[in-house]
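Each remark here refers to the structure printed beneath this line.
Laboratory data are not the source of any read-out in this text; all were calculated from the coordinates shown. In this text, all values refer to a predicted model and were calculated from it rather than measured experimentally. Cβ placement follows ideal geometry from the backbone for every residue including glycine, while neighbour counts extend to all protein chains displayed.
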Amino acid sequence: MRPSIFFKVFFWYAALMIVLLGVVLIHSIDTLRDHYIETLTANLSNLGSAVALKVSPLIEAGRSDDLDSLTDGLGRETATRITVIDTAGVVIADSEKDPALMENHGDRPEVARALDGYTATSKRYSETVGEDMLYVAVPLTESGRVTGVLRMSLFLEEIGGVLGRLRNRIIAVALGALGASLAGAFVFSRKLARPLRHLISVARSFGEGDLDARVITKGGAELAELAGSFNVMADRIKALVSELSYRREELAGVIETVGDGLVVLDAEGRILLGNDGFRGIVGERDLDGRFYWEVIRVTSFADVVGAAREGGHALAEVQIGPRIYSCGASFVGSREEVVAWLHDVTERRDMERLKKEFVDNLSHELRTPLTAIKGFLEAAIDEADPKAREYLEVASKHTDRLAHIVTDLLTLSELEDRCTKPDLEDVDLENIVRAVVKIFEQAARAKGLTLEAHVGSDVPPVRADAYKLQQVLVNLVDNAVKYTDAGKVKVSVERRDSTVAVTVADTGIGIPEERRDRIFERFYVVDKSRSRTQGGTGLGLSIVKHIVLLHSWDISVASAPGRGSTFTVTIPIETTRSRQS
């Protein structure tokens, strides 16, 4: 059983009083003792200064007998031991002992300090008289020169007796105060516990749902303030509960008006809340308390929910019946709940499909006439005069560019098809790199460029679609050669911890920072004039980006105008297999 508030208050109050009185008692005795010793020290110092006026002339005159008589008489009158010491530490007069029998006092701390010209004090055991003593040493000076030391001393035993009597009186007073304090603590504890018990009772009722329970107390100002604060808190909680209920109803109304499907799941997967949009999607009206897999039997939706629980957020597309939905889910860690929503993207996907079909059909339809035009142009060039041949060659060049655009569009259309999967196999990167470099050797040599290739000896084969990987390198090297007028193009492959990095670096015109984010867009070119003269389609980097995404790789760009560009494709080691496997 836990102790009552009365017992706690009384016990701790009594313990605090005992500790405080003990500390005060010890501190007061020490303080009195220190103060008494400080007073005696000051008195001895003053006495020493007065006696020094009589002693100094006798020392100068060498009157030892008169000096002994003086110290004996003053010692008896003041009940103080008086010692006179010369600059060599030799005792030449003492009120209680024969100086001839006393040892050299030059090593005494107070004497040594006084010989330096300072008044000094010390408390220690005296070997001469066999008692604890308080010493005050005053320097004797003549014309600014120290001629000796006058030391005054008292027995500390007398101080202890006085302090003992004071200590007994202080202890008696402290015990009386402690008894009175304990009696007061008893009365105070009982008076404090009564309104607190009432407060506890009201708080229990409030916690059990009685929001109208209030505290009534006739205690002191603090308890009255506590009761008032509790009542104010109760009023605010009641208002907040009412406001929360209103907001909950309002939120429920807003959720119901949302066109998208929205559902809230608890830690076990039970449906806590679902709006009309979600009910319409799953075709069920009664949702509360049911497991979500009972009403939406789609594996991809369960995968999104599971991914959200593990990663905090997940997004994917799911198909429920004939409709396609963009599905997102977020994990609310504090309550272990998952909020999932479904947005219908069926029309958008149909539009994308129609767009793809249009591009495919248009590209296929253009291929045949372009091939025919190319053939007729080549035949016409052979038979034309020099002037007409110039125009026909320009037309042939643009026909080639249009054919390349058609080919690249078909490639992009294939890559964007969600059903497209890479034809994975073990690919030796060295063979791919050597083959691509071979393709561009003549073009690089024609521009006076150095085309280099380097593949690290520790690079393993990668798991990839060989044709598409070659497309990546062809497009990157093609761009590097086109946009480099002097210097070199270098293709390198190296292993970096858990990844393989394929890098294409050039010393070309570079890419301005403000354009770097757009280089992977369709038909976007950094230098339009150069692209037109060299036959670029503006689709190469877009194809590279789609192939990289198809393999779940990464691609990064580092570039600066006038300093060249570096494209790096990073392939995780997890997607590679060693030669031995």
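Brief remarks on what is shown
- Other-chain or far-sequence residues with amide H under 5 Å of Glu337's (modelled H): Val332
- q = 0.18 Å⁻¹: log10 I(q)/I(0) that the Debye formula gives for the range 60-115, counting C-alpha atoms only: -0.60
- Under a 5 Å amide H cut-off, with hydrogens placed 1.01 Å from N, Val455 pairs with Val493 among residues at least 5 apart or on other chains.
- Pairs with C-alpha atoms separated by more than 25 Å, drawn from the list Lys447/Lys545; Lys54/Lys97; Lys421/Lys488; Lys438/Lys468, are Lys447/Lys545; Lys421/Lys488.
- Local charge for Ile571 was computed over the other residues whose Cβ lies under 9 Å away, with Lys and Arg +1 and Asp and Glu -1, and equals 0.
- For Arg167, net neighbour charge (Lys/Arg +1, Asp/Glu -1) across residues whose Cβ lies under 11 Å away: +2
- The trypsin sites (Lys or Arg not before Pro) of the range 292-334 that DSSP puts in a loop, and whose beta carbon has at most 16 other beta carbons within 10 Å, are Arg297.
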